[in-house]
Each structure stands twice: as C-alpha cells, then as structure tokens.
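The values are calculated or read from the model by the stated rules, or taken from the named source; none is laboratory data. What you see is a predicted model, and the numbers here were worked out from it, not measured in a lab. Counting neighbours? That spans all protein chains shown, and the Cβs are built from the backbone with ideal geometry, glycine included. Surface areas here come from the heavy atoms of the whole protein model, side chains and all, with no ligands, DNA or RNA. Shrake-Rupley method; radii C 1.70, N 1.55, O 1.52, S 1.80 Å.
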Amino acid sequence: MESKIKNLIAQPVVKSSAGGAAGSTLVLEFEDKSYIFIWCSWRIEQGAQVIVTSSDTISPTDSDSSPNGFIGEKSPILEGRKLINFNLTPQYDLEMLFDDEYKLRIFCDIGHSREDYNINWELNIPTENISIEINNHFEEHKAQYG
C-alpha cells in the first residue's frame with residue numbers, strides 16, 4: 001500500500017467531494033485518475049484548525065443551506081492541493097499531508113464485528129487495474145479494478 005500511495009506524491013487532487021446522497025463518504029481523485037473512497041471516519045484540517053469532519057451535516061440545515069450540507073460545502077477545499085507526504089499506521093489509519101498545511105486524517109474505525117459494513121477505505125488505480133481495500137479486520141484486500 002505504501003508504494004502505491006507514494007506514487008500520488010506531488011499530484012494535485014482534481015476532485016474532493018462528500019455530502020448529499022453520498023453521505024459522509026469522501027472521494028479524492030488525483031490527476032492520474034487514481035482515487036480514494038473513504039467510508040470510515042475522517043477529518044480535514046489546515047494547520048491547527050479543523051475544517052470539516054465525517055460527522056458534519058450532509059444535508060441542508062437552518063444554519064447551512066448548502067444542498068449537500070456542511071460536508072458538501074467544505075470537502076472540495078482539497079481540490080488543487082498537491083499531496084506532499086503521508087503517514088500510514090500498522091492499523092491503516094492514514095494521514096495525508098497537502099500543500100498549504102492541509103491534512104486529511106483517515107481513522108479506520110469500522111471494526112471486526114461489522115460484517116455488514118466491512119470496508120474502511122480503498123485506493124483504486126485504474127491505470128494499473130488495481131483496487132486495494134482496507135477491510136474491517138485492518139487488512140489489505142487486493143483485487144482487479146472494476
């Protein structure tokens with residue numbers, strides 16, 4: 001997994017979206033068409049400030065009329081930002097560091113007992129025909145893309 005994520009370094013994010021019908025699922029697409037789907041908990045930060053989390057609203061509210069909620073309004077903030085580094089823990093929590101002090105933190109919190117909902121996040125690389133899921137047993141599951 002680390003070698004595949006390393007290939008994303010210096011690439012800009014071309015799409016960053018969540019909210020609305022997608023719920024709190026965050027999708028990041030990179031310039032080479034690789035993308036990450038994140039179903040577990042996540043947080044976007046800039047410096048010491050939290051910008052948005054997977055627990056924020058996904059639909060309009062009285063205080064936020066965005067059609068995709070606060071998540072939909074704020075998640076595109078990573079678009080155009082280049083990945084500059086990352087940290088991956090043995091349990092597959094992932095911290096992605098972008099330019100301008102932006103960070104995406106991914107917390108694998110979908111655990112062993114959740115057979116009905118068994119993927120924390122996945123990296124898809126269409127150009128290599130590879131999909132790598134991080135499952136609810138904190139293991140990589142590699143498959144062909146598509």
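Out of 55, 24, one residue alone is assigned to a loop (DSSP other than H, G, I, E, B) and open to solvent by less than 50 Å² (accessible area, probe 1.4 Å). It is 24. Of the residues making up region 97-107, those that are out of contact with any Ser or Thr (no Cβ under 8 Å at 6 or more places or on another chain) and open to solvent by 20 Å² or more (accessible area, probe 1.4 Å) are 97, 99, 100, 101, 103, 105. Taking residues in region 116-142 that are without any contact (Cβ under 8 Å) to a residue 24 or more places away in the chain and farther than 20 Å from residue 28 by Cβ, and partners anywhere that are open to solvent by less than 60 Å² (accessible area, probe 1.4 Å) and outside any strand (DSSP E or B), the pairs with Cβ atoms closer than 6 Å and at least 6 places apart or on different chains are 118/136. Could you go through region 89-96 and let me know if any residue there is farther than 16 Å from residue 138 by Cβ, loosely packed, with under 15 Cβ neighbours inside 10 Å, at pLDDT 95 or above and not small (Gly, Ala, Ser). The answer is no; no qualifying residue exists.
Residues in region 63-80 that are touching a residue at least 60 places away in the same chain (Cβ under 8 Å) and either of a type in the set (A, V, I, L, M) or open to solvent by less than 50 Å² (accessible area, probe 1.4 Å) (or both): 76, 77, 78.
When region 61-91 is examined, which residues are found to be polar (S, T, N, Q) and out of contact with any helix residue (DSSP H, G or I) (no Cβ under 6 Å at 6 or more places or on another chain)?
Of everything in region 61-91, those that are polar (S, T, N, Q) and out of contact with any helix residue (DSSP H, G or I) (no Cβ under 6 Å at 6 or more places or on another chain) turn out to be 61, 63, 65, 75, 85, 87, 89, 91.
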